[in-house]
Structures are given as C-alpha cells and as structure tokens.
1. Could you list, in sequence order, all residues of the stretch 36-60 that are under 21 Å from P117 (Cβ atoms) and either within 17 Å of the chain's Cα centre (by Cα) or exposed (fewer than 13 other Cβ atoms within 10 Å of the Cβ) (or both)?
2. Name the pairs whose Cβ atoms lie under 6 Å apart, with the first residue in the stretch 29-43 and over 16 Å from S66 (Cα atoms), the second at pLDDT below 60 and surrounded by 10 or more Cβ atoms within 10 Å (Cβ to Cβ), and 6 or more positions between them or separate chains?
3. Looking at (1) touching a His at 6+ places or on another chain (Cβ under 7 Å); (2) at pLDDT 95 or above; (3) not in a loop (DSSP other than H, G, I, E, B), can you tell me which one V126 breaks?
4. Of the numbered conditions (1) in contact (Cβ under 8 Å) with a residue 40 or more places away in the chain; (2) outside any loop (DSSP other than H, G, I, E, B); (3) within 22 Å of V36 (Cβ to Cβ), D61 fails exactly one; give the number of that condition.
5. Could you tell me which of the residues G74, G113, G104, G124 is among the small types (G, A, S), free of Cβ contacts under 8 Å to residues at least 12 places away in the same chain and at positive phi?
6. Just the residues that are surrounded by 20 or more Cβ atoms within 10 Å (Cβ to Cβ) and either free of Cβ contacts under 8 Å to residues at least 12 places away in the same chain or in a loop (DSSP other than H, G, I, E, B) (or both), please, taken from the stretch 129-141.
7. Any residue that is on the phi > 0 side of the Ramachandran plot, in a loop (DSSP other than H, G, I, E, B) and modelled with pLDDT of 95 or more - is there at least one of those in the stretch 21-43?
Amino acid sequence: MKQKYTVLAGSAFAALILVAFWQTRSPESETTIEAVAGGPIVAVQSPLMEGNAAIGKGIFDNACASCHGENAAGTNGLAPPLVHKIYEPSHHADEAFQRAASLGVKSHHWPFGDMPPVQGLTRGDVTMVVAYIRTLQRANGIH
C-alpha cells in the first residue's frame with residue numbers, strides 16, 4: 001500500500017513539473033527577444049539573398065520594413081514579425097500576402113490593429129517580397 005502511494009506521489013510530482021514547464025514556455029520563447037518599444041519582436045538570422053529573394057528584400061526594405069521591421073522581425077507596438085510560425089505557408093499561403101498588401105487586413109492574430117493596404121505595390125512586387133520572407137523563414141526554421 002505504501003509503495004502505491006509513493007508511485008502515485010512521484011507521478012503527481014512529475015506531472016506538476018511538466019505543467020510548470022509548459023506554462024512558462026511560450027511557442028516563440030527561443031526566438032523572442034527583450035521587448036523594447038519600437039524594437040524588433042523576434043531575433044532573425046538573415047542568409048545571403050539571391051535572385052527573387054534579393055529583389056524582394058529591396059522592395060520589403062522600401063515598402064514594408066517601416067512597420068514590419070528589419071528582416072521582417074516585427075516592430076514592438078506597431079506590426080508583427082513575418083518570420084514567425086503564424087506566417088508559415090501552411091497557415092498563410094502566398095496569396096494571403098498578396099491580399100494583405102492590396103486590401104489590408106483586419107487584426108486577427110496580433111494586438112497591433114488593422115493593417116492598411118500598401119499603396120504602389122504590384123502583384124509582381126509582392127511575389128518578390130514573399131520570396132524574401134520565405135527565404136528568411138526557411139533560414140530560421142519556419143517553412
């Protein structure tokens with residue numbers, strides 16, 4: 001009988017440790033950086049960009065980085081990181097980026113408010129930006 005209680009107590013203790021671990025761990029805990037107003041939201045490793053991704057980086061830097069931050073790392077208090085599992089292709093296909101740029105987006109994943117349409121970008125421009133974002137995502141284990 002005493003052995004049964006010992007096993008039960010040990011199992012309960014192990015379960016408590018596991019629960020405590022999962023409650024303190026966020027899905028982004030490995031890439032989230034210290035929150036500083038106006039600073040990046042996640043740490044992003046940027047590989048060498050070539051081809052369409054390099055073209056997309058130039059377009060992103062001119063049209064998107066003022067909100068989404070350098071290397072699409074997001075901007076605290078302004079816009080989310082695009083190098084994030086929420087934006088992986090299985091959750092946000094390339095067309096979602098096209099629609100966001102042309103039509104804007106109602107806030108649904110993040111507390112930043114609605115995204116307005118981005119003026120002056122063609123579908124081809126956004127295709128290049130998506131190539132850049134997908135390259136960053138792959139380099140950071142998302143994709």
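The values are calculated or read from the model by the stated rules, or taken from the named source; none is laboratory data. This structure is a prediction, so every number in the text was calculated from the model and none was measured. All Cβ positions, glycine included, derive from the backbone under ideal geometry; neighbour counts span all protein chains shown.
1. F60
2. Once the first residue is over 16 Å from S66 (Cα atoms) and sits in the stretch 29-43, its partners that are at pLDDT below 60 and surrounded by 10 or more Cβ atoms within 10 Å (Cβ to Cβ) give A43/T31; A43/I33.
3. (1)
4. (1)
5. Exactly one of G74, G113, G104, G124 is among the small types (G, A, S), free of Cβ contacts under 8 Å to residues at least 12 places away in the same chain and at positive phi, namely G113.
6. N140
7. no
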